[in-house]
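Derivation of every value follows stated rules applied to the coordinates shown; laboratory data play no part. For clarity, every value in this text was computed on a predicted model and none was experimentally measured. FYI the Cβ positions are ideal-geometry reconstructions off the backbone, even for glycines, and counts take in every protein chain you see.
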Amino acid sequence: MTDSGSSGFDDGVDISVAHDLLSAGVRRAALHDLCNRPSTQVSLSALAASLTDRLSDPDEQSLRSMLHHTHLPKLDAAGVVDYHPDRKTIDYDGDPTIEGLLDADAAE
């Protein structure tokens, strides 16, 4: 992960990158879910099932496909998660910038 510079969060992604990542509702929900899990690793199926319960649309299979092809690769490229598409697992070790913005959003 990179130093966030002026974001106010140490060792997190750059604030503009964090805002971009959180701009999509599915990614925001996925990151919220990952932040609140007791384990740092989750399967794609488990994440999709959890998000299906929280999001009104889409269905679980479509959501799993969207996560696999679009959202998780973007989060992985930004260094926020480690997505292993061959094993269909996601590792999340925390990101202070993302978590700070999610906390601020929840407080509003």
- Assess whether residue 77 counts as being surrounded by 13 or more Cβ atoms within 10 Å (Cβ to Cβ) and among the aliphatic types (A, V, I, L, M). no
- Those residues of segment 42-51 which are part of a helix (DSSP H, G or I) and either touching an Asp or Glu at 6+ places or on another chain (Cβ under 9 Å) or surrounded by fewer than 16 Cβ atoms within 10 Å (Cβ to Cβ) (or both) amount to 45, 47, 48, 49, 50, 51
- Within segment 56-67, tally of residues that are surrounded by fewer than 16 Cβ atoms within 10 Å (Cβ to Cβ) and either closer than 21 Å to residue 18 by Cβ or touching a helix residue (DSSP H, G or I) at 6+ places or on another chain (Cβ under 6 Å) (or both): 1
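Mind listing whichever residues of segment 52-108 are of a type in the set (S, T, N, Q) and assigned to a helix (DSSP H, G or I)?
Within segment 52-108, 52, 61, 62, 65, 70, 97 meet the criteria.
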